[in-house]
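The values are calculated or read from the model by the stated rules, or taken from the named source; none is laboratory data. Remember, it's a predicted structure, so these values are computed and weren't measured experimentally. Glycine also receives a Cβ, built like all others from the backbone with ideal geometry; neighbour counts cover every protein chain displayed. All accessible areas refer to the heavy atoms of the entire protein, side chains included, with ligands and DNA or RNA removed. Shrake-Rupley method; radii C 1.70, N 1.55, O 1.52, S 1.80 Å.
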Amino acid sequence: MRFTRICLAVSLVALTCFAAAQEMAKMTPKKTGPSDAAYKAKALAAAPAGIAKDAGVARFGKDGKMETLRESKNGFTCMVIMDNPMCADANSMAFFDAMMNKQTPPDKLGLTYMLSGDKGASNTDPSADKKTADNHWVVTGPHIMIVGAGAKSLGLSEAADADPTKPYMMWAGTPYEHAMIPVGGAKAAAKPMAEMAKPAN
C-alpha cells in the first residue's frame with residue numbers, strides 16, 4: 001500500500017512538471033526570421049529606386065513554396081535567395097525556376113538586378129552552395145544579370161576564374177549560363193527609403 005502511494009505521488013509530480021514545462025514552452029518566444037518589413041527592405045535594396053517602388057516582394061516558405069508579400073505593378077519581383085537580395089523580371093523568374101527544378105530554361109532574355117552584390121557563388125557549378133578548392137568561387141559586387149541564351153551573344157569572358165570587376169559569363173557551358181554585368185557605385189544608390197517596403201499604391 002505504501003509503495004502504491006509513493007508511485008502515485010511520483011506520477012503526480014511528473015505530470016505537474018510536464019504540464020509546467022508545456023506552459024513554459026508556450027511562453028518562450030519562438031525564433032523567427034526577419035519581420036516582413038525588414039525582409040521587404042532587404043529584398044527591395046537589390047533594385048534601383050524606380051524599379052523598387054512598384055516591384056513585388058516574395059519569399060520562399062519553409063515548405064519551399066513561394067509566398068507573395070507584395071504584388072508587383074511593374075513585372076519585377078524582389079526576393080532574398082541564400083541571403084542574396086535580387087529583383088527579377090518575369091523572364092528571369094522563369095529562368096531561376098527552371099534552374100531550381102533542374103529543367104531547361106526558356107529561351108527568353110531576362111533582366112535581374114543585384115545592386116547589393118552577392119555573397120559569392122561557384123562560377124562553374126550552379127548547384128554549389130559553398131566554396132571548395134576547385135569550384136572557382138567568385139564574389140561579385142553590385143551588378144545586373146542578363147539571363148537567357150541570347151546573353152551568350154554578348155561575347156563576354158567565359159573564364160572559370162572570372163574577374164568580378166568586369167563583365168563575364170557565369171556557369172558557362174551549362175544551360176544556366178548568364179551574363180554578370182558589374183555596376184559601379186550602385187550599392188549606395190540602391191538603398192531604398194523605409195516607405196519603399198510599404199504596399200505599392
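If ligands, DNA and RNA are left out, what is the accessible area of Val139 with a 1.4 Å probe, given in Å² to the nearest 10?
It works out to around 80 Å².
Over the heavy atoms of Thr68, what accessible area does a 1.4 Å probe trace out, to the nearest 10 Å²?
80
In a solvent-free Debye calculation with one equal scatterer on each Cα, what is log10 I(q)/I(0) for the range 53-98 at q = 0.31 Å⁻¹, listed in the order of the q values?
Evaluating at q = 0.31 Å⁻¹ gives log10 I(q)/I(0) of -1.29.
Mind checking which aspartates and glutamates have their Cα closer than 19 Å to the Cα of Lys166? Skip sequence neighbours fewer than 8 apart in that chain.
Asp118, Glu158, Glu177
Please pull out the direction-averaged projected area of the range 40-156, using the convex hull of its alpha-carbon atoms, in nm² to one decimal place.
Projected area, direction-averaged: 7.7 nm².
Can you give the accessible area per residue of the range 45-134, in Å², using a 1.4 Å probe?
Heavy-atom accessible area per residue stands at 53 Å².
What ranking, highest mean first, results for peptides 107-120, 44-57, 90-103 when packing means the other Cβ atoms within 10 Å averaged over each residue?
So the peptides 107-120, 44-57, 90-103, ranked by packing, come out 44-57, 107-120, 90-103.
Which far-off residues, 5 or more places away or on another chain, put their amide H under 5 Å from the one on Ser157, with H placed in the peptide plane?
Answer set, sorted by chain and number: Met169.
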